[in-house]
Every structure is written in C-alpha cells, then in structure tokens.
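These notes are about the structure you will find just below.
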Amino acid sequence: MLKIWSMKQQQQAASAASGKKKVTAAQLRVQKDLGELSLPPTMKTHFPDPDDILNFTLTIEPDEGMYKGGSFNFDFTINQNFPHDPPKVLCKQKIYHPNIDLEGKVCLNILREDWKPVLNLNAVIVGLQYLFLEPNASDPLNKEAAEDLKNNRETFKRNVRTSMAGGYVKTTSYDRVMK
Amino acid sequence: MATATVLGAESPDRWRYLNNILNRKGPYTDEAFTPGDEPKAFLADAKILVIGAGGLGCEILKNLALSGFKDIHVIDMDTIDISNLNRQFLFREADVGKSKAEVAAAFVMKRVRGVTITPFNCAIQDKDDEYYKQFKIVVCGLDSVEARRWMNATLINLVDDETLIPLIDGGTEGFKGQARVILPTISSCYECSLDMHTPRAAVPLCTLASIPRQPAHCIEWASVIQWPKEKGDLKLDTDDPEHITWLFTKALERAKEFNIPGVTYSMTQGVVKNIIPAIASTNAIVAASCCNEALKIATTAAPYLDNYMMYTGNESIYTYTFTHEKKENCPVCGNLPQNLEVNPEWTLEGLMERLQERPETTLRKPSLRTSSKSLYLQAPKQLEEQTRPNLEKKLKELMETGDELSISDPGMPFNLRFIITMSE
Ligand SMILES: [Zn+2]
C-alpha cells in the first residue's frame, strides 16, 4: 500500500468533493449528447418532463422523399447503462414502412447489432431520418411493405400516401400522420 | 506489535509461507517495502471490501481470508439459487433462498480462524460515501455493467488528500475473463474502457422478423417481437415461469415453421435472461489473480498489475497484460467534482455569469443540471424553452447543499462537476 500513497502525493490532484445526490454516468453522457445535438428544421424534440432527460419524443417531418408531409413521433427511452446499451426507440404511430413494424419497432443497425458506446444520440437521429429518405427493402420488419417496395416502386409510393392519410393498405389500416 | 502477533497466534506454522514473503525483501520488492511487522500489521488491520458473493465472490472471499486479510466486508443483494451450486462452492442445497453474502461470510469465518467477515444483503447503492471510505481496497466480482460503473464512479469521487482506494475488478464470460487494477484518477478507470466492451452480439431485428437461422433467433423473436405484439403493455418478467413458458411455446412454434431444431425451456430462460455461461475454473483463475493483486498492493511485497490482464481460454489459451491508457476526456475520472459555494439568493443566471468569469473554466454555452433537475439546457431548442424560466429563479428554489451540479459545454470534452454548498 505504501507505494500507492507515495504516488498519490506526487499527483497534485485537487481534492474532490462528494455530494449526497450524484449525477449518474448515464446522465452526464446524455446531457453532453443533448448539447451536441444539431437538429435540422425537420426535427424537434419534446420532453414530457424536462427534468427527466432520459425520456423524450422526437418528431421527424421529412421535407423530401416519399414520406414528405408526414409527422412521425418516436419515443426515446434511455437506461442507466447508456452508452453501453443503446437508447430504445419506438415509433408511436402505426405506419407503413418496410423497416418499422406495426408495433413501432425500428430496424436500424445502430440501434441494435452495430451500437457502440462511442456513438451518440445524434448518430441515432441521423439514422432515423435516413430511414424516411431511403426505406430499405432488404431489412424488412413489415414484410408486406418490403415486398411492395421491391416489386413496384410506384405502387409502394401510392401505398405510402394512402397509409399516411390514415387509409388501408390491403387489409391493414394505418394511422393518419399528415401534419 | 500487537497486531503482528495475531498472525502467529493460532499456530506458529499456520502462516509460515505467507510470512516468508513478508519477512524478507525479494528481487522485485519495492524500495519502500520494509519486511516484517509493517506489512503484516497492515494486512491484519486493513479493511477490504468484496462486492458480489457469487461465482467470483465465493472465490475472492476464500482467497482473501487464506491470504491473511482479517477484516473483510461483503455486499450482495442476491439470494442463493439451486443453479448456483455447481460453482458457488460456499453454498449447500439447504442454503437455497438465503442471502449469498450472509451464507458466504459464515462459511469462510467458520473455515478460516481469525477472520471477520461482515455481510450486507443489500444493493451497493444503499451504502453511502462514509461507508466506502473506511476501506483500503475494494475487490469487485460482478456481472453487471451498471453496478461496476457505479462502484467505479463512487471510488473515484472519493479521492481526496487522505483517500485513494484501489479498485480491483474481475470479470468472466465463459472461458474468457479479465482482472484489472484501477487506481482512481491515477490509472485508467472502468468508464475509460467502456468503448472497449462490445455489448453482447445482437442479431438484427429484421433477421429475427423474417429469416431466423438459430434456435436463439426464435426465442428472441418471441420475446422482442411477439411479446409486445400480443401482450401489449404487460412487462415481461424473466423470473416468472409462466412468462418463460409462454415465450418457449411461441419460440417452439416458430422454430417448427422454419425447421430449426434445438429450442428448449432452459435455453429460452438463458436467452431472455441473457445468462452468460459461467465456468467454475475461469472464475477461480480470475478471482485468484484479483486476490494476488490485493495482497501485493496491501503489502508491497511484489509489483502489482499495471493495469489490465486479459485471460482468453476459449481459443486454446492466451493471456495478455497491458497498460490500458487513461482516457483524457473520461466523464468520470477526467475531472472530479469540486466544492462550490453559492449564495442561495443568487439567480441561476447570476451563477452562470460567475462561473463564466472563473479563469479555469472556458464556458461558452454552458448547460446545467443536477441529478434530478434540468436547470438550464441550451439544446435542443424545446428543452431550452422549457428550462429558460429557471434563469430568473433563485438558487434556493433550484438546489440544496450536497447537490451535484453538472455543467456541459460544446467547448469542453467533459462535464464540469461541482458539489453545492449554500451559504449566505
Ligand atoms: Zn476514467
């Protein structure tokens, strides 16, 4: 033990203070990530409780692509293991999208298999935005939508418009998401 | 010296081999090492804390007691399960359902004369700084990332002129494991190396949804996709046999559909609880390494691990020791919380102006939070609007003495942290 104490004296560490109510490592990181968030005009956040930064909603309103004119809400739930664990992201509306299933689960690689602690909230948000610009038929969560996209892009486009207006595609009814 | 005689009290020969190491200098002992009573007394008097009384914890408690530590505390909130018995050798069938910490402590005390082990059947978060301050060394044998991060941050925040508590952390995963020595603020900490840990290999959601290839894919499909679909808001309880049975049935149907053999009830349990196979001997190797480091640090009888030992037993066998570098912008050890005296009558805006005047801070657009309150966040825009009214408020309405204040700023690699003291 002696050696460590002598090392300690060499190091002129300013003495730290300790408090009763500590900020957790996850909170520290989310606070930093939020400060670095650069949201384009097509996106906005909503914090139901501004004191709880681990739970919020992100709204994406694409201004180009097939989903233009829609307003899509995603729930972000961040746990105390962040950034070891990725944030949980769920689409709150029932939408017609090859990479989002009817319960709102999102197939985005960095939300699951490719998540790394060096990634931040901005990376996730950019990834979500990209899903609306380039829906991807090869990673299907909504198989029907993926098949439509693969087989006939024009039909798919029409289905997107119908679904966004709150209509039926085949036998499934979708939520109206026009802003 | 009274404490030194304790070692020899029971039988003169009992600690002979340990005393051989402590009674004379060796080629690698530190210059500061004084053989004889000094290291023996330290070993007898030093309080050492063991976190976890599971697979690693049982080994660690046994090893520390047999290495000459006399005053050991152990914290574990778990109770003994029948499946623990194959490797957690301090437990018997009759102990199932009892506290791991209590049973382990009683067993080792009975077996090793002269050692006192104080068990706590609680969460590490239930103990405060004053409690942790009494220890010379903490040895962690945990399987949870969250608990490790908490312990790491707690010991780092305790660093001051009198306190520096080395954290020895062991971990295993099947045939692989690691032991490391963390000297708070001096060497790299658990948080510094968080990027190194690859979170468990996850399968893409779309694979689960469309083309499962393995039995585990069918089980994950049942828990990740089917459960929320059919059960709605009902939370999956992985300890509830009915829930596991439901998942097992669904996974089995899916496996039949895709012609995948091998889905079983116990596999279902393993996948959804994310149980990493624990192997008794890997635990023994890693725990032994951790305890030797504790002995060396406590006595300076030999150089200690600097600072990370990887044990890879799954591809033949390979061990590698290296110095994991401290991360300069580590949010936990990169900068420590400092005391900050504030006047309760100041407004939040007034506090921000005063902080910006401090020469050591280069704040441009600071965002401020305590553990429970968003004081003022500059981004995103909606949060800025929601927190702006706080700028006019007096500090006494927003915080109290003992609160930790965390300040982030785009111009800084990490958050500044202060502990608030209110004074007129
Ligand atoms: Zn660190």
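The values are calculated or read from the model by the stated rules, or taken from the named source; none is laboratory data. Because the structure is a prediction, the values reported are computed rather than measured. Cβ placement follows ideal geometry from the backbone for every residue including glycine, while neighbour counts extend to all protein chains displayed.
Laid out as a table, the results:
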| quantity | calculated |
| --- | --- |
| Residue match in segment A:86-96 (condition: at the interface with another protein chain (Cβ under 10 Å from one of its Cβ atoms) and surrounded by fewer than 17 Cβ atoms within 10 Å (Cβ to Cβ)) | yes |
| Search result, residues across segment A:98-120 that are touching a strand residue (DSSP E or B) at 6+ places or on another chain (Cβ under 8 Å) and not in a loop (DSSP other than H, G, I, E, B) | A:Ile100, A:Lys105, A:Val106, A:Leu111 |
| Unique match (being within 14 Å of chain A (Cβ to nearest Cβ), within 16 Å of the ligand (Cβ to nearest atom), within 30 Å of B:Lys393 (Cβ to Cβ) and of a type outside the set (Val, Ile, Thr)) among B:Leu336, B:Leu340 | B:Leu336 |
| Every pair of residues 6+ apart whose Cβ atoms lie under 6 Å, when the first sits in segment B:318-329 and is more than 20 Å from B:Thr185 (Cα to Cα) while the second is in a loop (DSSP other than H, G, I, E, B) and within 10 Å of the ligand (Cβ to nearest atom) | none |
| Top-ranked residue of segment B:201-217 - restricted to ones that are over 29 Å from the mean Cα position of the chain (by Cα) and farther than 22 Å from A:Ala145 by Cα, ranked as surrounded by the most Cβ atoms within 10 Å (Cβ to Cβ) | B:His217 |
| Those residues of segment B:215-262 which are among the charged types (D, E, K, R) and either assigned to a helix (DSSP H, G or I) or closer than 21 Å to A:Leu102 by Cβ (or both), in sequence order | B:Glu220, B:Lys229, B:Glu230, B:Lys231, B:Asp233, B:Lys235, B:Glu242, B:Lys250, B:Glu253, B:Arg254, B:Lys256, B:Glu257 |
| Check on B:Leu236, free of Cβ contacts under 8 Å to residues at least 60 places away in the same chain, away from the ligand (no atom under 16 Å from the Cβ) and touching a Phe, Trp or Tyr at 6+ places or on another chain (Cβ under 7 Å) | yes |
| B:Met196 vs. criteria within 30 Å of B:Phe418 (Cβ to Cβ), within 16 Å of the ligand (Cβ to nearest atom) and more than 15 Å from the chain's Cα centre (by Cα) | yes |
| Residue, farthest from the other protein chains (Cβ to nearest Cβ), within segment A:49-81, restricted to residues that are over 21 Å from B:Arg369 (Cβ atoms) and outside any loop (DSSP other than H, G, I, E, B) | A:Gly70 |
| Residues being crowded, with 21+ Cβ neighbours inside 10 Å, facing chain A (nearest Cβ under 10 Å), away from the ligand (no atom under 15 Å from the Cβ) and under 23 Å from B:Ile276 (Cβ atoms) - total across segment B:117-166 | 0 |
| Count of segment B:308-327 residues which are within 16 Å of the ligand (Cβ to nearest atom) and in contact with a helix residue (DSSP H, G or I) (Cβ under 9 Å, 6 or more places away or on another chain) | 5 |
| Single residue of B:Lys235, B:Lys231, B:Lys296 found to be of a type outside the set (Asp, Glu), under 30 Å from B:Thr34 (Cβ atoms) and within 14 Å of chain A (Cβ to nearest Cβ) | B:Lys296 |
| Options B:Ile275, B:Ile297; residue that is aliphatic (A, V, I, L, M), surrounded by fewer than 20 Cβ atoms within 10 Å (Cβ to Cβ) and in contact with a helix residue (DSSP H, G or I) (Cβ under 9 Å, 6 or more places away or on another chain) | B:Ile275 |
| Segments classed as helices (runs of 4 or more DSSP H), wholly inside segment B:72-166, with at least 3 members that are closer than 27 Å to B:Ser193 by Cα and touching a Leu at 6+ places or on another chain (Cβ under 8 Å) | B:129-133, B:145-157 |
| Checklist (1) of a type outside the set (A, V, I, L, M, F, W, C); (2) crowded, with 22+ Cβ neighbours inside 10 Å; (3) within 12 Å of another protein chain (Cβ to nearest Cβ) applied to A:His46, failing item | (2) |
| Residue identified as modelled with pLDDT of 90 or more and over 20 Å from B:Trp227 (Cα atoms) among A:Glu147, A:Glu103 | A:Glu147 |
| Residue in segment B:263-285 that is farther than 20 Å from B:Gly55 by Cα and not in a helix (DSSP H, G or I) present | yes |
| Matching option when the condition is hydroxyl-bearing (Ser, Thr, Tyr) and within 16 Å of the ligand (Cβ to nearest atom), among B:Thr185, B:Thr172 | B:Thr185 |
| Residue list for segment A:120-135, restricted to those being closer than 16 Å to A:Gly35 by Cα and either buried (at least 21 other Cβ atoms within 10 Å of the Cβ) or facing chain B (nearest Cβ under 10 Å) (or both) | A:Leu121, A:Val124, A:Ile125 |
| Every residue from segment B:300-310 that is crowded, with 20+ Cβ neighbours inside 10 Å and under 29 Å from B:Asn86 (Cβ atoms) | B:Tyr308, B:Met309 |
| Scan of segment B:387-411 for residues that are within 10 Å of another protein chain (Cβ to nearest Cβ) and buried (at least 19 other Cβ atoms within 10 Å of the Cβ), ordered by number | B:Thr387, B:Asn390, B:Met399, B:Asp403, B:Glu404, B:Leu405, B:Ser406, B:Ile407, B:Ser408, B:Asp409 |
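Matching residues to (1) in the same structural domain as B:Val50 (by TED's automatic domain parsing); (2) within 30 Å of B:Leu43 (Cβ to Cβ); (3) not β-branched (Val, Ile, Thr):
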residue	(1), (2), (3)
B:Cys290	yes, yes, yes
B:Asn314	yes, no, yes
B:Trp346	no, no, yes
B:Glu349	no, no, yes
